[in-house]
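Structure first, then comments.
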Amino acid sequence: MSVRMPEADGAVLARRAAIVKALRTIVPGEGVIATEREMRPFESDGLTAYRQLPLVVVLPETTKQVSEVLAYCHAEGVKVVPRGAGTSLSGGALPLEDGVLLGMAKFNRIKDIDFANRVAVVEPGVTNLAVSNAVAHAGFYYAPDPSSQIACTIGGNVAENSGGVHCLKYGMTTNNVLGCELVLMNGDVVRLGGKHLDAEGYDLLGLINGSEGLLGVVTEVTVRILQKAETQRAVLIGFPSSEDGGECVSAIIAAGIIPAGMEMMDRPAIHAVEEFVHAGYPLDVEALLIVELDGPQAEVDHLIERVVDIAKQCKSMTCRVSASEQERLLFWAGRKAAFPAVGRISPDYFCMDGTIPRSQLPKVLAAMKDMSAKYGLRCANVFHAGDGNLHPLILYDSNKEGEVERAEEFGAEILKLCVAVGGVLTGEHGVGVEKRDLMPVMFSEIDLNAQQRVKCAFDDKGLLNPGKVFPVLHRCAELGRMHISGGKLPFPDIPRF
Amino acid sequence: MTDILKPRDAKEVEDAVRWALSHDKALEVAGQGSKRAIGRPSQTDITLDLSGLTGVTLYEPAELVLSARAGTPLSEIEALLEKNHQELAFEPMDYGPVLGLKAGQNYTSGTIGGAIAANLSGPRRIKAGAARDHFLGLSAVTGRGETIKSGGRVVKNVTGYDMCKVLAGSWGTLAAMTDVTVKVLPRAETQATVVVEGLDDASACAAMAAAMGSSCDVSAAAHLPDHVASYFDGLPNAEAATALRLEGVAPSVRHRKDALAALLKPFGPVLLLDETESRALWRSVRQVKPFATESARVRPLWRISTAPARGHAVAAAITPAAQMFYDWGGGLIWVAMPFGDEPDAASIRAAVASVGGHATLIRAEAAVRASADVFEPQEPALAALSKRVKDAFDPKGVLNPGRMVAGV
């Protein structure tokens, strides 16, 4: 792997037996896993290019156990890496050689379903889809739907602030979580929010969402659930160029329409998917757009008509409206199978995750074509078109000398371009280890230090998931020092009244 | 005498904070000062007046994004958006009327920075969220005198911690924002409101829960008990009104209006407000109109956030001499206490604690606000964490010290 992790603490490695023994007094029986064979399944997450066996795996079942494990590790100076289902695509749950891997899988209960307040209170190990399934009998669902929703857990969704294809209209995880119970690295248990809508005091819940397991361990989450829309329909639109597709997306939004989902694929992605799923996608187009509308029948019919009109004005080559629920699902089957479809045509691939202002799409796609030639690697694109979130899939073969490195360089160049055109490094997959060393492309040292000071407020010894997100780690004491310059003037030269 | 420093640009904001740091001065961070009377009274030496940082710097309707200097008046931004049939979907309320401010002179509508720093929202909170949910990016000067940026101009972004969230609702105690970027959304083509008349508070909360649990996509839900109903605009009768707003394209609103009226019929007599009446009603809900009158303004005003379906249980535990109404389907309760100098914090906090949530003393005499907890007191571990977050941004306490919590 090309990203360096913090050097393992030899003293901790030497004390391994004592640490394992102490953890067994907190979490009894099979909750502590210390053999190499049994720890093997935890050595990586969804970013499989990176692997590392942890010091020991602990699977607590209660908040009290989590608190005691963290307090013990805090006192002993032992690092801790939290893990949900391990579906992170950025290495957020990559273990550390000298760190406890804290698996939250046993926190799998749905504690309360409250239809009157439209919330569900769940433990973090409950899968995203299980929340929707648990409330489906009353017509409700949980809106964020990352493509890993069958496996990924709510705790991991909070850590990564997961999105999905419907977040243009329904928001990301952070917009759909109302409260959580959080255990800090020192063992303190705090409750943030609840069934009410507003945070009291600082919006720490907003900080926890997307904090990639660096600020605390979530042991309970209160999520909003929504009543399902009466009906959903989708339009499949093909374009002669991605520019035309991009313009159509802008035109739809400019017409005041916020679709439930708006997804685009480029030619390589369309072909890979069609071979795999046979969704009936047109193969003679350069870009394919799925626009989904939801709501009452009257609204959906009305808006579909307008979208079709707009598509016609945007040089569309094909335009198909789903005539049945079956057809709508078929449109989506292709898009949802994009990653495995690409997996079929290449031994390995990296999935990138930059976001760009949508107007920059043609420029970025053209540049990626050039990069593809330059690095000698194929690239397919799927794109959350409504919100500018790009997922270029870089195809490589790890058995070929130097390809991993070339693929990583290719990915880094794409992400740098995203930032250069006014976008960001990651829209929904997180920084993790994968994009850690690119953070200075987007943030100054001052910005990064300010973020690390927030980290210090939650974790004064920097023991929780170190080596992720921040390229350079500083001690909290060092970050706390003040260096005031420019304040010496007897009075600042600013208008006074 | 309080001095005022009025920076002309972001660099001068940084200069001002650095100067304050090196001279041990505390700054009151303000835009137009429209919410100055909220929070614990300022213990500052100088006002850092950000109302000179104005102007929209980027607006791309098709990308649903707008950037502005933090001191830009909200009214200017809302007017610009309206021209493009867009809006701030979080429907920021204006505290001016409740606090007795008159539009004109310095104050117009507050600033975008102030709206974010107070995490404003409005009746649409139940559907579209608050300022925090639309706040995409920022530049700000921390209490360390450093200019930081966070977020960006794209909606989907998880790069680094979401610093926007922690600054939204921090009341200027962590950093002085200089530039902000927000998500904007299309304005609904039309709206209508379905009203059920004559419900008591408990039945109203049940009716609102039924409506919001339906697929009618309700965008606002308020219960206006009979003792305050006559203060609101757009209602034909001075009776208790439980109001549900529907927004969207005309065929959709028409359809949902019928569906919702049918759903609510078992609760009580239903009437419909057309677009004009509906807009008038929700404007007055958003401005907390019953408690903005001259006679009401001398009385302490509480803002309670709680579990919506249990709002009536919180209200039932409060003195019957108080006046109140519910927004957010019961989850937001505005309570005007009966006596000018008695916020009765203990009983309000006990009522909230019985259900969960929090209460903020939005309006009271300065002396009262200095001695009572304006914001909900926190458990020790959470209070300690919040203090450490304050220290991370502002270790010397130069920005609005003590505004949220005494000594922090």
For B:GLN86, list long-range residues whose amide hydrogen, built 1.01 Å from N in the peptide plane, is under 5 Å from its own amide hydrogen.
B:ARG187
Pairing the Cα long axis of helix B:250-264 with the longest principal axis of chain B, what angle in degrees results, from 0 to 90 and rounded to the nearest 10?
70 degrees
Close Lys-Lys pairs in the stretch A:1-131, where close means Cα under 20 Å and separation is 8 or more or interchain
5
Residues whose modelled amide H sits under 5 Å from the amide H of A:LEU178, counting only those 5 or more places away in sequence or on another chain, are A:THR222, A:VAL223, A:ARG224
Mind checking B:9-18 for the average number of partner chain beta-carbons within 10 Å of each residue's beta-carbon?
3
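Considering every pair of different Cα atoms, what Kirkwood radius, in Å, is found for the stretch B:190-286?
Values: mean 1/r = 0.0776 Å⁻¹.
Evaluated on the stretch B:190-286, it is 12.9 Å.
When a/c is below 1.5 the answer is rounded, else prolate if a/b is larger than b/c, else oblate, so apply that to the stretch B:289-377 with a ≥ b ≥ c taken from the square roots of the Cα gyration tensor eigenvalues. Each step should come with its number before you reach the end.
Working: a/c = 1.84, a/b = 1.31, b/c = 1.41.
Judged from the Cα gyration tensor, the stretch B:289-377 comes out oblate (a/c at least 1.5, b/c at or above a/b).
Could you tell me what % of all Cα pairs in chain A have separations over 35 Å?
Tail of the P(r) past 35 Å holds 37 percent of the pairs.
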Expected max-MSF residue from B:ALA336, B:ALA207, B:ALA322 in the GNM of chain B (alpha carbon, under 10 Å) is B:ALA322
Sorted by chain and then number, the residues having a modelled amide H within less than 5 Å of the amide H of B:PHE325, at least 5 places away or on another chain, are B:TRP334
Karplus (6.51, -1.76, 1.60) ³J(HN,Hα), θ = phi - 60°, over the stretch B:191-198, in Hz, Gly and Pro reported as x
8, 8, 10, 9, 10, 9, 9, x
In debye to the nearest 20, how big a dipole does the stretch B:289-377 give about its Cα centre with +1 on each Lys and Arg Cβ and -1 on each Asp and Glu Cβ?
200 debye
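So, by mean Cβ neighbours within 10 angstrom, what's the order for A:369-381, A:155-167 with the highest one leading? Show your work: numbers first, answer last.
Details: A:369-381: 17.4, A:155-167: 27.8.
Top to bottom by mean Cβ count within 10 Å: A:155-167, A:369-381.
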Within a Gaussian network of chain B (alpha carbon springs, distance under 10 Å), most fluctuating of B:GLU60, B:GLU275, B:GLU82
B:GLU60
If I fit a long axis through the Cα atoms of helix A:325-336 and take the longest principal axis of the Cα atoms of chain A, what angle between them do I get, 0 to 90°, rounded to 10?
60 degrees
Which shape class, rounded, prolate or oblate, goes with the stretch A:243-300 when its Cα gyration tensor gives a ≥ b ≥ c as root eigenvalues, a/c under 1.5 marks rounded, and past that a/b bigger than b/c marks prolate?
oblate
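Taking the Cα centre of the protein assembly as shown as the origin, how large is its charge dipole in debye, to the nearest 20, when only Lys and Arg (+1) and Asp and Glu (-1) carry charge on their Cβ atoms?
Working: 91 positive and 107 negative charges, 204 e Å.
Result for the protein assembly as shown is approximately 980 debye, rounded to the nearest 20.
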Provide the packing ranking of B:342-350, B:213-221, B:84-92, i.e. peptides ordered by the mean count of other C-beta atoms within 10 Å per residue, highest first.
B:213-221, B:84-92, B:342-350
Packing rank of A:34-46, A:386-398, where each peptide gets the mean count of other beta carbons within 10 Å, highest leading:
A:386-398, A:34-46
Test item: A:104-117 mean partner chain Cβ contacts at 10 Å:
2
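In deg cm²/dmol, rounded to 500, what helix-only [θ] at 222 nm does chain B give when every DSSP H run of at least 4 residues adds -39500 (n - 2.57) and the total is split over its residues? List each step's numbers first, then the result.
Values: 13 runs with 116 residues, N = 408.
Taken over chain B, the calculation gives -8000 deg cm²/dmol.
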Asserting the computed 222 nm helical MRE of chain A (DSSP H runs at least 4 long, -39500 (n - 2.57) per run, divided by residue count, to nearest 500) equals -10000 deg cm²/dmol
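Under the definition of partner shielding as Cβ atoms of other protein chains within 10 Å of a residue Cβ, what is the mean value for peptide B:46-52? Mind showing how you got there, number by number?
Working: counts 1, 1, 1, 4, 0, 0, 2.
The per-residue average across the peptide is 1.
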Can you tell me how the protein assembly as shown classifies by the Cα gyration tensor, rounded, prolate or oblate, using a/c under 1.5 as the rounded cut?
rounded
How much length is gained if the chain between A:ILE150 and A:LYS21 is pulled fully straight, taking 0.36 nm per residue apart and subtracting their Cα-Cα distance, in nm to one decimal?
42.9 nm
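For chain B, report the convex hull volume of the alpha-carbon atoms normalised per residue, in Å³, without decimals.
138 Å³
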Name the aspartates and glutamates eligible as straight-distance cross-link partners of B:LYS387: C-alpha to C-alpha under 16 Å, and not fewer than 8 places from it in the same chain.
A:ASP188, A:GLU200, A:ASP203, A:ASP459, A:ASP460, B:ASP373, B:GLU376, B:GLU379
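Using the structure shown, list the pairs from A:LYS169/B:LYS289; B:LYS257/B:LYS289; A:LYS169/B:LYS165 with a Cα-Cα distance above 21 Å, or answer none. Spell out each step's value before the answer.
Working: A:LYS169/B:LYS289 31 Å; B:LYS257/B:LYS289 26 Å; A:LYS169/B:LYS165 19 Å.
Among A:LYS169/B:LYS289; B:LYS257/B:LYS289; A:LYS169/B:LYS165, the Cα-Cα distance tops 21 Å for A:LYS169/B:LYS289; B:LYS257/B:LYS289.
Values quoted throughout were computed directly from the atomic coordinates according to the rules given, and no laboratory measurement underlies them. Here the structure is a predicted model, which is why all the values come from computation and not from measurement. All Cβ positions, glycine included, derive from the backbone under ideal geometry; neighbour counts span all protein chains shown.
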